[in-house]
Amino acid sequence: MNDVYDRLVGLLTRGFGIEPDEVSTETTFNELEMDSLALVELGLAAQDEFGVKIEDDDIRSSDSIGQAAEAIAAKAVSIG
Amino acid sequence: MTRAAVISGLGSWLPPRIVTNDDLARELDTDDAWIRSRTGIGQRHTADDRTATSDLAVEAGRRALKSAGRESADCVVVATTTPDRPCPATAPLVATGLNLGTVPAFDVAAVCTGFLYGLGVAGGLIAAGTVDSVLVVGAEKFSSILDPQDRSTRAIFGDGAGAVLLTAGDPDAPGALGPLDLASDGTGSDLITVPSGGSREPFTARTGPGYDPYFRMVGKTVFRSAVERMAASALDVAHRAGWSVDEVDLLVPHQANLRIMHAVADRMKLPRERCAVHLDRVGNTAAAAVPLALADAVERGRLRPGDRVVMTAFGGGITWGACAVRWPDVTPI
């Protein structure tokens, strides 16, 4: 889970101009001012990074980064 | 010897009237920064009330013929989402407008993928020996189907037309259409649609509140699907052409949205600089977008003879596709 969170923050840093020290597991995507298209872009990037299928509603703007990491980790376990 | 369809002329036409983001902001709840950050679009062209799709197509077709140094073609294929009328097709009018006599002429309906479908059909007619040349036109007066109150579609779409002349030639000649991928998935037919006015919900049956004659799009789902489909299709044709991603000189994607285009390049592991961008000046012109972007890329020195180019598109249907071409020495007009 921590590993997934760190890699997710890595995607946010590389693709969305977000500094790692700006965010915590509690930070929501709303707070990062990421619009709905940005969440789709993040989902696509995460799909490549973690090798799991991520649907449109898996990452919502009201979710925190920690919640998104948990959702991705759960998928990774279920296919792993 | 096998006959190939070779690109021997390229024409483009945009109606002169420009609508800037600031113009839209005066009518709708939007602004320049909002439109640019979400779409990458700064302005679009819109045709006036007297101009129909066939008028734009005739102008682009005339220019493609001139670019090829020819006065005629054996066949006309028009890819459009916005025909002059639901019946008949627009292409016969275009053929007549170009003084091509009684040549075969028909429309192809694959929304934003229409131009690539048109290339596929035209390439087949030439390869089979049915005709020796085909004018393939992508033309749209997309403004004619937009909901005046819908800020998302009003900001994205523009009018215009682009055309290529395909002529029979050697498969190894520069400009010969290379590997082509075309696909569709009708389970996504509701994603990009004009809900009413067809046989499912005819104009005469219901004109109440449920009747919707305007273009609608489910943005988020389309975004994801467009990125996945275009990237996979572009990689497929590049692979079949024997090119590594590094060897692709220019990707000419359907000009849907700058963020979609960049996401396609990222997914292909292609540097974003090798993605042709025209929509900042013309918006998304649907079936006209790929030929217009090709002409723009040549005019700006981004696409040179001998370059390996991959075109890819995604549109309503849903449909998608890609085509690989070694770029010929043509001057767009």
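The values are calculated or read from the model by the stated rules, or taken from the named source; none is laboratory data. Please read these numbers as outputs of a predicted model, since none were measured by experiment. Cβ coordinates were reconstructed from backbone atoms using ideal geometry, including for glycine residues, and neighbour counts include every protein chain displayed.
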*Can you tell me which residue among B:Ala176, B:Ala226, B:Ala183 is within 14 Å of chain A (Cβ to nearest Cβ) and small (Gly, Ala, Ser)?*
B:Ala226
*Could you please find all residues in segment B:269-314 being crowded, with 22+ Cβ neighbours inside 10 Å, touching a Gly at 6+ places or on another chain (Cβ under 6 Å) and not aliphatic (A, V, I, L, M)?*
B:Gly283, B:Thr285, B:Pro291
*State whether the residues of segment B:198-221 include one that is farther than 29 Å from B:Val58 by Cβ, within 14 Å of chain A (Cβ to nearest Cβ) and either buried (at least 19 other Cβ atoms within 10 Å of the Cβ) or touching a Phe, Trp or Tyr at 6+ places or on another chain (Cβ under 6 Å) (or both).*
no
*Being modelled with pLDDT under 95 and among the basic types (Lys, Arg), is that true of even one residue in segment B:222-230?*
yes
*asked:* Going through B:Arg3, B:Arg17, B:Arg26, B:Arg36 one at a time, which residue ends up being surrounded by fewer than 19 Cβ atoms within 10 Å (Cβ to Cβ) and closer than 30 Å to B:Gly175 by Cβ?
replied: B:Arg3
*Given (1) touching a Pro at 6+ places or on another chain (Cβ under 7 Å); (2) in the same structural domain as B:Val77 (by TED's automatic domain parsing); (3) modelled with pLDDT under 95, where does B:Asp212 come up short, assuming only one miss?*
(2)
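For (1) among the charged types (D, E, K, R); (2) away from every other protein chain (no Cβ under 14 Å); (3) loosely packed, with under 15 Cβ neighbours inside 10 Å, each residue gets a yes or a no:
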{"residue": "A:Gly10", "(1), (2), (3)": "no, yes, yes"}
{"residue": "A:Glu19", "(1), (2), (3)": "yes, yes, yes"}
{"residue": "A:Leu39", "(1), (2), (3)": "no, no, no"}
{"residue": "A:Phe50", "(1), (2), (3)": "no, yes, no"}
{"residue": "A:Asp58", "(1), (2), (3)": "yes, no, no"}
{"residue": "A:Asp63", "(1), (2), (3)": "yes, yes, no"}
{"residue": "A:Val77", "(1), (2), (3)": "no, yes, yes"}
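So, of the residues in segment A:23-37 that are among the charged types (D, E, K, R) and more than 14 Å from every other protein chain (Cβ to nearest Cβ), which turns out to be surrounded by the most Cβ atoms within 10 Å (Cβ to Cβ)?
Only one residue tops the list, namely A:Glu31.
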*Within segment B:302-316, is even one residue among the charged types (D, E, K, R) and under 14 Å from the mean Cα position of the chain (by Cα)?*
no
*Mind listing whichever residues of segment B:186-197 are away from chain A (no Cβ under 14 Å) and out of contact with any Phe, Trp or Tyr (no Cβ under 6 Å at 6 or more places or on another chain)?*
B:Gly186, B:Thr187, B:Ser189, B:Asp190, B:Ile192, B:Thr193, B:Pro195
*Looking at (1) closer than 23 Å to B:Thr39 by Cβ; (2) more than 14 Å from chain B (Cβ to nearest Cβ); (3) not polar (S, T, N, Q), can you tell me which one A:Gly15 breaks?*
(2)
_Cβ contacts < 8 Å: first residue part of a helix (DSSP H, G or I), restricted to segment B:48-65; second residue of a type in the set (Lys, Arg), any location; separation 6+ or different chain. Result?_
B:Thr53/B:Lys141; B:Leu56/B:Lys141
*Just one of B:Gly301, B:Gly316 is in the same structural domain as B:Ala183 (by TED's automatic domain parsing), in contact (Cβ under 8 Å) with a residue 60 or more places away in the chain and not aliphatic (A, V, I, L, M); which is it?*
B:Gly316
_Being in the same structural domain as B:Ser12 (by TED's automatic domain parsing), crowded, with 16+ Cβ neighbours inside 10 Å, farther than 27 Å from B:Ile41 by Cβ and in contact with a helix residue (DSSP H, G or I) (Cβ under 7 Å, 6 or more places away or on another chain) narrows it down to one residue among B:Leu165, B:Leu146; which is it?_
B:Leu165
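Which fully enclosed helices (runs of 4 or more DSSP H) of segment B:233-315 have 2 or more residues being away from chain A (no Cβ under 14 Å)?
Where helices (runs of 4 or more DSSP H) fall fully within segment B:233-315 and carry at least 2 residues being away from chain A (no Cβ under 14 Å), they are B:279-282, B:289-299.
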*Name the residue, out of B:Asp246, B:Asp307, that is farther than 27 Å from A:Leu42 by Cα, among the acidic types (Asp, Glu) and out of contact with any helix residue (DSSP H, G or I) (no Cβ under 7 Å at 6 or more places or on another chain).*
B:Asp307
*So which of B:Ala234, B:Ala173 ends up being surrounded by 17 or more Cβ atoms within 10 Å (Cβ to Cβ) and among the aliphatic types (A, V, I, L, M)?*
B:Ala234
*Say we look at segment B:76-108 and pick out the residues that are of a type in the set (Gly, Ala, Ser) and more than 11 Å from the chain's Cα centre (by Cα); which of these is surrounded by the most Cβ atoms within 10 Å (Cβ to Cβ)?*
B:Ala91
